Amino acid sequence: MNLYLPNSAQFHWVEGQLFCDAVPLKLLANKYGTPLYVYSYTAIQSAVDSYKSALKDTEHLLCYAMKANSNLAVVQIMAHLGTGFDIVSGGELARVIAAGGDPKKVIYSGVGKTVEEIEQALNADILCFNVESAQELERIIQIAKRMGRLARISFRVNPDVDPHTHPYISTGLKQNKFGVAYEEAVRLYLHAAEFPEAVKITGMDCHIGSQITTIEPFVDACKKMLDLADILKTKGIFLDHLDFGGGLGINYEEGDHAPSPSELVSALHAVMQERDYGDLTMVFEAGRSIIGNAGVLLTEVEYLKVGEEKNFCIVDAGMNDMIRPALYQSWMQVVPVTPREGEETVYDIVGPVCETGDWIGKDRSLNVEQGDFLAVLSAGAYGMTMSSHYNTRVKPPEIMVRGDHYQVIRERESMPKLFSSEVMLSKEF
Ligand SMILES: *Cc1c(COP(=O)(O)O)cnc(C)c1O
């Protein structure tokens, strides 16, 4: 059995049992049932701290990319730690405000901002819109004029850099829908500069993908942004900030060596200094690298099915609870919460959902029995936020652990509530 722990500081073995901080995960699984998400406050804090200490000598804003995990308690922790937020919808802005975050530290990304969402963001006086198309710029100008507000903007440029990650999470290639074309960017900046009563240009942004495990693509993207900044300077347009997006990878598997925030920051800042942009504010939109290794998904073995070609370990967490393996063929570490000594069997770990794609891990050597608990590690990011009700399954609860105490931060959904907004046809229909 491979018992590798990607975040052994907070998820660790104590006398043969997996703990989160000082709390045995078996206790939580028994008390709250499975599937169950468990997060470590300490892990979140230490991930934020590693960005903060990497950035301490530069002007900076660390924004938490909320789509990674937007539970109100998580947002509340980030607000408490003083981060800003990278949002991609009006719903996420509402969460920032509900959890006590500062809208003036909000950066708004996304290709499809609606009129209502832009109005909502202008009313909240957010820090900056990352504009992703010429038509979005026109829409923002119109709305800002109508509302008598000034919209701070940056363009998300598409640097055509290959981040060498899964195609579904590459976002900075020419064929991707994100950002404005590199060749078009200068023209758009010049156009925006014609409307000083409606928009104020403050920066430039790029976000090239997610789970990026080398520094080079970030450095390449930075250089391409600075090339544009050089041209803008000659036209009298000066930037206040450079936003490098998110995308820093984490360790999922034994042998993974994701770069640290300090490696990323120092490589980028060196380029900025070399090119005489050392004074610009560095903005990051980090999601996975803050919350990914701060969470696990606990699940129970329902059945072991031994077949001719394959053995299946059928668990109670499905692709509706954790879709990463199904969607991206992601490899996630799975360990028993209380590992057993003895002979192992090779299983595909699969969920209860009626889809062949409903799997969590393939060809895993395990010694498990019906009723055992398994922990799916590195499940803090893009787990709960991508969950669905497919197969009419309720969403799992979430628990926050800090040291030796813990609290429910989302209750398990109840069955009648699940379809309470649906309406049966009337007799007259
Ligand atoms: C998803 C996303 C992020 C966060 O990416 P991570 O890989 O989780 O750090 C940041 N910025 C934008 C625009 C995004 O879409």
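Derivation of every value follows stated rules applied to the coordinates shown; laboratory data play no part. On a predicted model such as this, the values are computed, not experimentally measured, just so you know. Please note: Cβ atoms are built from the backbone with ideal geometry, for glycine as well, and neighbour counts cover all protein chains shown.
State the percent of C-alpha pairs, over all pairs in region 208-295, separated by a distance greater than 17 angstrom.
Cα-Cα pairs in region 208-295 separated by more than 17 Å: 49 percent.
Could you sort 14-27, 77-90 so that the peptide with the highest average Cβ count within 10 Å comes first and the rest follow in order?
Ranked by mean Cβ neighbours within 10 Å, highest first: 77-90, 14-27.
Under 8 Å for C-alpha pairs, at least 6 residues apart: give me the relative contact order for region 347-413, rounded to a whole percent.
The normalised contact order for region 347-413 reaches 20 percent.
Report the Cα centroid-to-centroid distance between region 290-334 and region 391-429 in angstrom, as an integer.
After rounding, the separation between the Cα centres reads 21 Å.
Which angle from 0 to 90°, rounded to the nearest 10, does the C-alpha axis of helix 182-192 make with the longest principal axis of the chain?
For helix 182-192, the angle is close to 60 degrees.
Restrict the search to region 138-206; then list the trypsin sites (Lys or Arg not before Pro) that DSSP places in a loop and that have at most 13 other Cβ atoms within 10 Å of their Cβ.
Passing both the DSSP loop test and the Cβ count: Lys174, Lys177.
How are the C-alpha pair distances of region 42-168 spread across 5 Å bins, as whole percents from the shortest bin up?
Spelled out per bin, shortest first, that is 2, 10, 19, 19, 18, 16, 10, 4, 1, 0.
Rounded to the nearest 500, what is the 222 nm mean residue ellipticity of the chain from helices alone, with -39500 (n - 2.57) per DSSP H run of 4+ residues and division by all residues?
About -8500 deg cm²/dmol.
Using 0.36 nm times the number of residues separating Thr392 and Glu369, minus their current alpha carbon distance, what extension gain do you get?
5.6 nm
Taking Cα centroids, how far is region 262-276 from region 21-68 in Å?
27 Å
Quick one: which of 241-251, 282-292 comes out on top by average Cβ neighbours within 10 Å, and what's the full order, highest first?
282-292, 241-251
Averaging the inverse of every distinct alpha carbon separation and then flipping it gives the Kirkwood radius. What is it for the chain, in angstrom units?
Evaluated on the chain, it is 22.9 Å.
By average Cβ neighbour count within 10 Å, what is the ranking of 337-349, 410-422 from highest down?
Taking the mean over residues of other Cβ atoms within 10 Å, the ranking is 337-349, 410-422.
Quick check for region 49-163: number of Lys pairs with alpha-carbon distance under 22 Å, counting only pairs 8 or more apart or on different chains?
Lysine pairs, 8 or more places apart or on different chains, close enough: 12.
Lysines near Lys305 by alpha-carbon distance under 22 Å, same-chain residues fewer than 8 away left out - which ones?
Partners found: Lys362.
Helix 261-274 versus the longest principal axis of the chain: what angle, 0 to 90°, nearest 10, using Cα atoms?
Computed tilt is about 20 degrees.
Could you tell me what % of all Cα pairs in region 82-137 have separations over 18 Å?
Pairs farther apart than 18 Å: 21 percent.
Across all directions of projection, what mean area in square nanometres is found for the Cα convex hull of region 274-411?
12.8 nm²
Cα extents of region 138-265 along the three principal axes, largest first, in whole Å?
Here the Cα extents, ordered largest to smallest, are 54, 30, 28 Å.
Step through the residues of region 175-181 one at a time and calculate ³J(HN,Hα) from phi using the Karplus curve (6.51 cos²θ - 1.76 cosθ + 1.60, θ = phi - 60°), rounding each to whole Hz and writing x for Gly and Pro.
Each residue's phi maps through the Karplus curve to give 7, 7, 7, 8, x, 9, 4 Hz.
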